[in-house]
Amino acid sequence: MGRVSPFLLVLLALGFSFATYNLLTLVIRYKTSGEGAGFSDPVIAMPQNVRKYHVALTATDAPYSQWQCRIMYYWYKKMKDAPGSDMGKFTRVLHSGKADNLMDEIPTFIVDPLPEGLDRGYIVLNRPWAFVQWLEKATIEEDYILMAEPDHIFVNPLPNLSHGDNPAAFPFFYIKPTDHESVVRKYYPKDKGPVTDVDPIGNSPVIIKKTLLEEISPTWVNVSLRMKDDPETDKAFGWVLEMYAYAVASALHGVRHILRKDFMIQPPWDLEVGKTFIIHYTYGCDYDLTGKLTYGKIGEWRFDKRSYLRGPPPRNLSLPPPGVPESVVRLVKSVNEATANIPGWEPAESNN
């Protein structure tokens, strides 16, 4: 091997010493000044709320909607700051056009309902129109939005399940675009892509970038109204028409959702809570005293939100009999905990 020139060794030593001196000087300067954050790892230094989402639910001022919103807001507050949660602020988007008696209890933004008669008695059509108004007029700090509903109960801290421009959504077993291809094609023509591009979802629960929802919402309104105005579509989709409208509107904008079955459970069909995040209590839960499901027939024990159309359920509802699935037990216990702790919980004298 050839010998290294002593002159070269001296140059290398001097260069190394100079680089080391500069680095040490830089470190000392940042430690002794208020500029230390600029020297930290850019990944570690990312704002902690970058994945926060705003919880938004549309509602009316009807007693039936109000008591569900109060329970939902109670569980939001309990889960908001729990480990693993990405929840930000909360808004009840009230589409009754005027203030109600929950304004001081629940953060609320008032929007207008659709013009009289335009919803044809299908009040859910106000949901997309409410989101259009809220997104346009409100100041929303978070970059993501969770579209939720009054009959949702948070049972585990909910992280932001979306990924980039792919929102996260719950897949509903009864939303089947491929089974209604001829109807869907009225709104999602062949040149847009296969019907399978229309996700089997509704708008809720969905966690989505605010900018994407701002793009989709006007289309969601237009598709909803067109679907309701078409007798064939109205008959085919029925009470889930607005859910199909959101799915189609998203597809028209090229948005595909991450389908998360663990997003939500729906008692009595889903039996365990486990690591899921939301209980959706849209179905009635009817059982005999042996714990056998009697769905479609009023049970000896029951919990059905529609039993309380005129006002809140009483505090301390009776727990289900032995043998009833854990999901139903958890639902009733969650309702009882909320009603026990919400001030001024006054059940209506008659709810039938």
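The values are calculated or read from the model by the stated rules, or taken from the named source; none is laboratory data. In this text the structure is predicted, and so the values were computed from the model without any measurement. As a convention, Cβ positions derive from the backbone with ideal geometry for all residues, glycine included, and neighbour counts pool all protein chains shown. Ligands, DNA and RNA are stripped out before the accessible areas are found, and what is left, the full protein with its side chains, is counted by its heavy atoms. Shrake-Rupley method; radii C 1.70, N 1.55, O 1.52, S 1.80 Å.
List the trypsin sites (Lys or Arg not before Pro) in segment 121-188 that DSSP assigns to loop (not H, G, I, E or B) and whose Cβ has at most 11 other Cβ atoms within 10 Å. Which are they?
none
Could you list, in their original order, any pairs among Lys77/Lys228; Lys78/Lys98; Lys89/Lys210; Lys52/Lys192; Lys89/Lys228 whose Cα atoms are separated by more than 25 Å?
Over 25 Å apart, Cα to Cα: Lys77/Lys228; Lys78/Lys98; Lys52/Lys192; Lys89/Lys228.
Between Lys210 and Lys235, take the C-beta separation as r, use R0 = 35 Å, and let me know the FRET efficiency to the nearest 0.05.
The computed FRET efficiency comes out at 0.50.
Could you tell me which of rounded, prolate or oblate describes segment 201-352, using a ≥ b ≥ c as the square roots of the eigenvalues of the alpha-carbon gyration tensor, with rounded for a/c under 1.5 and, failing that, prolate when a/b is larger than b/c and oblate otherwise?
Prolate shape, in that a/c is at least 1.5 and a/b is the bigger ratio.
Show me 90-99, 55-64 ranked by packing, highest mean number of other Cβ atoms within 10 Å first.
Put in order of decreasing packing, that is 55-64, 90-99.
Count the net charge of all other residues whose Cβ sits under 13 Å from the Cβ of Tyr73, scoring Lys and Arg as +1 and Asp and Glu as -1.
It works out to a net charge of +2.
Listed here are the pairs Lys235/Lys275; Lys235/Lys297; Lys80/Lys275; Lys186/Lys275; Lys176/Lys305; which of them are more than 28 Å apart at the Cα?
Table pairs above 28 Å Cα-Cα are Lys235/Lys275; Lys186/Lys275.
Between Lys186 and Ile342, what is the FRET efficiency for a Förster distance of 45 Å, r being their Cβ-Cβ separation, to the nearest 0.05?
With a Förster radius of 45 Å, E is 0.50.
Report the Cα centroid-to-centroid distance between segment 111-133 and segment 249-266 in angstrom, as an integer.
Value for the Cα centre distance between the two parts: 23 Å.
Name the residue farthest towards the positive end of the dipole of segment 113-224 from the options Leu146, Ser224, His180, assuming +1 on Cβ of Lys and Arg, -1 on Cβ of Asp and Glu, about the Cα centre.
It is His180, whose Cα lies furthest towards the positive end.
Among residues other than Gly291 whose Cβ falls under 12 Å from its Cβ, what is the net charge (Lys/Arg +1, Asp/Glu -1)?
-3
If Lys and Arg each add +1 and Asp and Glu each add -1, what is the summed charge of the other residues whose beta carbon sits under 13 Å from the beta carbon of Ala338?
With Lys, Arg at +1 and Asp, Glu at -1, the net is +3.
With every protein chain kept in the model, how would you rank Met79, Met87 by accessible area, 1.4 Å probe, largest at the top?
Met79, Met87
How many Å² of accessible area per residue for segment 193-274, probe 1.4 Å?
Per-residue accessible area for segment 193-274 comes out at 38 Å².
Quantify, in whole percent, the carbon and sulfur part of the accessible surface of segment 109-267 (1.4 Å probe; protein heavy atoms only).
C and S atoms contribute 51 percent here.
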